[in-house]
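A short worksheet on the structure shown next.
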Amino acid sequence: RPGANTTAIMPAVSKGDGMRGLAVFISDIRNCKSKEAEIKRINKELANIRSKFKGDKALDGYSKKKYVCKLLFIFLLGHDIDFGHMEAVNLLSSNKYTEKQIGYLFISVLVNSNSELIRLINNAIKNDLASRNPTFMCLALHCIANVGSREMGEAFAADIPRILVAGDSMDSVKQSAALCLLRLYKASPDLVPMGEWTARVVHLLNDQHMGVVTAAVSLITCLCKKNPDDFKTCISLAVSRLSRIVSSASTDLQDYTYYFVPAPWLSVKLLRLLQCYPPPEDAAVKGRLVECLETVLNKAQEPPKSKKVQHSNAKNAILFETISLIIHYDSEPNLLVRACNQLGQFLQHRETNLRYLALESMCTLASSEFSHEAVKTHIDTVINALKTERDVSVRQRAADLLYAMCDRSNAKQIVSEMLRYLETADYAIREEIVLKVAILAEKYAVDYSWYVDTILNLIRIAGDYVSEEVWYRVLQIVTNRDDVQGYAAKTVFEALQAPACHENMVKVGGYILGEFGNLIAGDPRSSPPVQFSLLHSKFHLCSVATRALLLSTYIKFINLFPETKATIQGVLRAGSQLRNADVELQQRAVEYLTLSSVASTDVLATVLEEMPPFPERESSILAKLKRKKGPGAGSALDDGRRDPSSNDINGGVEPTPSTVSTPSPSADLLGLRAAPPPAAPPAPAGAGNLLVDVFDGPAAQPSLGPTPEEAFLRFVCKNNGVLFENQLLQIGVKSEFRQNLGRMYLFYGNKTSVQFQNFLPTVVHPGDLQTHIRLNVTKRVAAQVDGGAQVQQVLNIECLRDFLTPPLLSVRFRYGGTPQSLTLKLPVTINKFFQPTEMAAQDFFQRWKQLSLPQQEAQKIFKANHPMDAVLTKAKLLGFGSALLDNVDPNPENFVGAGIIQTKALQVGCLLRLEPNAQAQMYRLTLRTSKEPVSRHLCELLAQQF
Amino acid sequence: MIKFFLMVNKQGQTRLSKYYEHVDINKRTLLETEVIKSCLSRSSEQCSFVEYKDFKLIYRQYAALFIVVGVNDTENEMAIYEFIHNFVEVLDEYFSRVSELDVSFSNTVFHSTQQTQCSPSQEPVDELPRMCSPWSPE
């Protein structure tokens, strides 16, 4: 068992070793009857320890260890400790394992950024790393990993790879080194240098020792995400390792056999590593892997080797990871169908955990074209799960799976089952089910009367959970499809007959009858007066918003059915409307009453004409479902990602940067940036300065240059210049872009006469930006920058997909002992990857028309912030990256441009038109691209330039 | 990927917590309270995986003690579920006749054990585990 060997490398905290004083102290504390008594006992002990540490008599290792232990215990009880660090550091250099271990434990728990101490600690670690004593080396490595601070990373990041791949390192040391390196890499990837060792790390997958292999797989899985190509050789090694494990007899691996399953966790990790890559290209490797996957699937059918639940759990862990890999490859129809059948068996398993996981995995299988049909065969079981499962989370998985397996053939069945489920569903998931039903009903509607019925059913069953998006959408669809309008009017009319109907039903009914009530007015049972009195009977029970909607329906009725005019005018004239306390209702009543009495029938008919069709766009319901599922749900762990460096909370806290602290744009919580900042004095007009100050406020304080945000904006239309400047530091940028690639030179100038220390500029990709744009530092800068000197850093940039937010540059250094840090937006915006395209007027207009969907266009009308100079405008547009097309726009004042944004994954064609209006000092900017977010983003970027 | 590892008793007191991603100390208390609440309210018929915000909780109960592991959504639930048991077995073996004093000073062991089993730890143990009952896997 993996656990068994850990005990072997950790010498036991033996009982005989007993620090009696400590035992007595702990039991004293335990026996304290009150908090006060505990504090009293602790204070007494603290005084005792303090006097021992200060005493003239030198303490022996044992006493030191004992007292440090007591301090640690007191700290862990929640009391502050402000001494004893030096004694703990002394213990590090002891040759006795237990003393050294307690020293390291204390250091790991109570790190202090006291630089003097850090130096001593680092020195002790260095000695232990060089000691060739494996237990000491492990302790040191554990300490580095536990502290994991930047300073320690800087001191040891280069040594650890060497220890990891050294031929003479013991297995336990290699294992610790791999995990330590993983920790450092996760904390500060830039500190871990890639190099010759990476190839040798991959070969650890072949190591004799399974513990080393396990640690190495974790490390490689993390490293290869950033540099997949460097670690590509791991595929074949992982496959052969996996194959050896999978085909080994159930006792071959001794310690690493868990209840007759060989190395389950290692197998899972190997399978996960393979999911970082596409299927192996080499036919032999691929064949061997497929064989492994088949073996795992076969084993699932064999009788279990043990009745213990641990055995089947471990086996199933491997099975589920195997299925994940099969789904990831999505290329072996045979395996996909087998996986589906296996999961189908689990759907009826008596273990809830397995049913849950089977439903979850099957959900991803449903989206593969190869297994979609196979998944559909389980529809009855899944529907049954939805009805009978006792655990809400399992039912939710079942609902998810039904949603995923739905297509035209089974939509009616699934929708009706989900509607039935909705009647008894838990409140927590009702809204999601409502959204899903609404989406499926719209997506797979063959006849729209079914769609209308479904949505009205939704409102009837779960009106409270039907959000605006859902009922807006049904109105849009009914408005856009004239074949369903009569049916819709008839159905809502019937639905409104119910004595108690949901307010959302009144809203939908009010709107539909106002627009299409005339289609059912021929029937005496739904004649205009009947329609009106039905609606008006609900009026008084409704909220203000609904009543406002109904008032609009009434004025539409006056237009549709002149015979109702007198009645409705009577209603509008009533004091409760004309003098309603709610301003909106009052206004509507007054205006509608006047409109109906003043306007002629023709005017009324024009004003109240039927609504034009709504533009087709992505269903707002779908967008809402995505939002609900999205990561924006709020995570308690979010903050960690934003600030990986502040990891010590118990011990010393790094003093916060005092003098220069440019808040990172993302952390601008107070919105200070939105308010006019102390701005540079307005630049003289036409001074050749492309970006004239946009803020008119008087300069509140002397400032060296533009704010970082302004500086960033300047770079939208140019590639070279000063990105940042304050009293200490100047950062200059030179950059060039071609196709989807770019290179950026960053120049850091030390404006002082004092050396900067620990100078460290790093590039940060907020969020998932890394999957959109890749920045590699090819030339690093030295950690010291002399006074007056300038250092250069080179970044290689590759645009993978379109992106909206720029990467960030974080610069940290020490100036005269004070840490400084600032975060800037790197001037890399999507328009940098523009390829200008020349085209004739005819082509331009043809393309312009092709991009006519509303979401492909973004438009902004805005006031000129700078003098409207045609030459400057031209320069900016060319700097922006597009080609300028002459003789295209009939109006010679206007500017028209075209270009293609090049990314690795796709190309986005862009057309733009800028119409200046000198008289009004306004511009109108229109962007059309083949990708919606790109249009909006480009439009925003460019609009800020004029 | 494992995000945190908690040991909480039935009264909702945290006995051991280990975070592999930075979480603010104030947020931890809140997180731990919510996490244990969502696990305690479940019956044995319910599955051992709970969706909580944007991650998943995987838990097992040993007598009065809950072990809860928070993972991201790419993690293999079953592997973690069984890993919890393996971890418990290792502790059981290490403290063959567990006494309160042993466990209250077992901090070091938790450190080393966890380190070798999952991935290097980021932060120190918050509180000493004070478990009175011997491990008795259900």
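The values are calculated or read from the model by the stated rules, or taken from the named source; none is laboratory data. Because the structure is a prediction, the values reported are computed rather than measured. In this analysis, Cβ positions are derived from the backbone assuming ideal geometry, glycine residues included, and neighbour counts consider all displayed protein chains.
Scanning the range A:173-192 for residues that are within 11 Å of another protein chain (Cβ to nearest Cβ) and either in contact with a Lys or Arg (Cβ under 8 Å, 6 or more places away or on another chain) or among the small types (Gly, Ala, Ser) (or both) yields A:SER176, A:ALA177, A:ALA178, A:ALA187.
Selection of strands (runs of 3 or more DSSP E) fully inside the range B:45-97 by the criterion of at least 2 residues being more than 10 Å from chain A (Cβ to nearest Cβ) and of a type in the set (A, V, I, L, M, F, W, C) returns B:65-71.
Only one of these is under 30 Å from A:GLU154 (Cα atoms), at pLDDT below 85 and among the polar types (S, T, N, Q): A:GLN739, A:GLN757, A:GLN701, A:GLN730. Name it.
Working: A:GLN739 fails: under 30 Å from A:GLU154 (Cα atoms); A:GLN701 fails: under 30 Å from A:GLU154 (Cα atoms); A:GLN730 fails: at pLDDT below 85.
None of the others qualify; the one that does is A:GLN757.
Would you confirm whether any residue within the range A:320-336 is free of Cβ contacts under 8 Å to residues at least 40 places away in the same chain, among the polar types (S, T, N, Q) and out of contact with any His (no Cβ under 8 Å at 6 or more places or on another chain)? There is at least one residue in the range A:320-336 that is free of Cβ contacts under 8 Å to residues at least 40 places away in the same chain, among the polar types (S, T, N, Q) and out of contact with any His (no Cβ under 8 Å at 6 or more places or on another chain). Taking every residue in the range A:342-361 that is within 16 Å of B:ALA79 (Cβ to Cβ) and facing chain B (nearest Cβ under 8 Å) and pairing it with any residue that is assigned to a helix (DSSP H, G or I) and of a type in the set (Ser, Thr, Tyr), at least 6 positions away or on another chain, the pairs with Cβ-Cβ distances below 8 Å are A:ASN353/B:TYR81; A:TYR356/A:SER393. Of the listed requirements (1) surrounded by fewer than 20 Cβ atoms within 10 Å (Cβ to Cβ); (2) not in a loop (DSSP other than H, G, I, E, B), A:GLN208 misses just one: (2). When the strands (runs of 3 or more DSSP E) confined to the range A:780-884 are screened for residues that are of a type in the set (Phe, Trp, Tyr), those reaching at least 1 such residues are found at A:808-815, A:834-836, A:857-863. Here A:PRO613 fulfils each of the conditions (1) in contact with a Ser or Thr (Cβ under 7 Å, 6 or more places away or on another chain); (2) surrounded by 15 or more Cβ atoms within 10 Å (Cβ to Cβ); (3) in a loop (DSSP other than H, G, I, E, B) apart from (2). Among the criteria (1) buried (at least 19 other Cβ atoms within 10 Å of the Cβ); (2) at pLDDT below 90, the one A:LEU91 does not fulfil is (2).
Just one of the numbered conditions (1) at pLDDT below 85; (2) assigned to a strand (DSSP E or B); (3) not small (Gly, Ala, Ser) is not true of A:MET744: (1).
Has the range A:496-514 got at least one residue that is polar (S, T, N, Q), under 19 Å from A:LEU551 (Cβ atoms) and crowded, with 18+ Cβ neighbours inside 10 Å? Yes - at least one qualifying residue is present in the range A:496-514.
Any idea which residue in the range A:438-483 is surrounded by the most Cβ atoms within 10 Å (Cβ to Cβ), counting only those that are acidic (Asp, Glu) and more than 16 Å from A:LEU419 (Cα to Cα)?
The initial filter retains those residues of the range A:438-483 that are acidic (Asp, Glu), namely A:442, A:447, A:453, A:464, A:468-469, A:482-483.
Filter once more, so that each one left must be more than 16 Å from A:LEU419 (Cα to Cα): A:447, A:468-469, A:482-483.
Numbers: A:ASP447: 11, A:GLU468: 13, A:GLU469: 17, A:ASP482: 12, A:ASP483: 9.
Top of the filtered list is A:GLU469.
Looking at the structure I just gave you, is B:VAL23 surrounded by 14 or more Cβ atoms within 10 Å (Cβ to Cβ), part of a strand (DSSP E or B) and not aromatic (Phe, Trp, Tyr)? Spelling it out, it is not the case that B:VAL23 is surrounded by 14 or more Cβ atoms within 10 Å (Cβ to Cβ), part of a strand (DSSP E or B) and not aromatic (Phe, Trp, Tyr).
Quick check, is A:LEU59 within 14 Å of another protein chain (Cβ to nearest Cβ), under 24 Å from A:ASN95 (Cβ atoms) and either modelled with pLDDT of 90 or more or out of contact with any helix residue (DSSP H, G or I) (no Cβ under 6 Å at 6 or more places or on another chain) (or both)?
So A:LEU59 fails the test.
Among the residues of the range A:117-172, the ones that are at positive phi and away from every other protein chain (no Cβ under 14 Å) come to 1 in all. May I ask you to verify whether A:ASN114 is away from chain B (no Cβ under 14 Å) and either crowded, with 23+ Cβ neighbours inside 10 Å or modelled with pLDDT of 90 or more (or both)? Taking the combined requirement at face value, the residue does not satisfy it.
Considering only residues that are touching a Leu at 6+ places or on another chain (Cβ under 7 Å) and surrounded by fewer than 22 Cβ atoms within 10 Å (Cβ to Cβ), which ones fall in the range A:94-108? Residue satisfying the conditions is A:GLU99 alone. If you check A:THR546, A:THR564, A:THR553 for being within 20 Å of A:MET505 (Cβ to Cβ), of a type outside the set (Lys, Arg) and surrounded by 19 or more Cβ atoms within 10 Å (Cβ to Cβ), only one passes: A:THR553.
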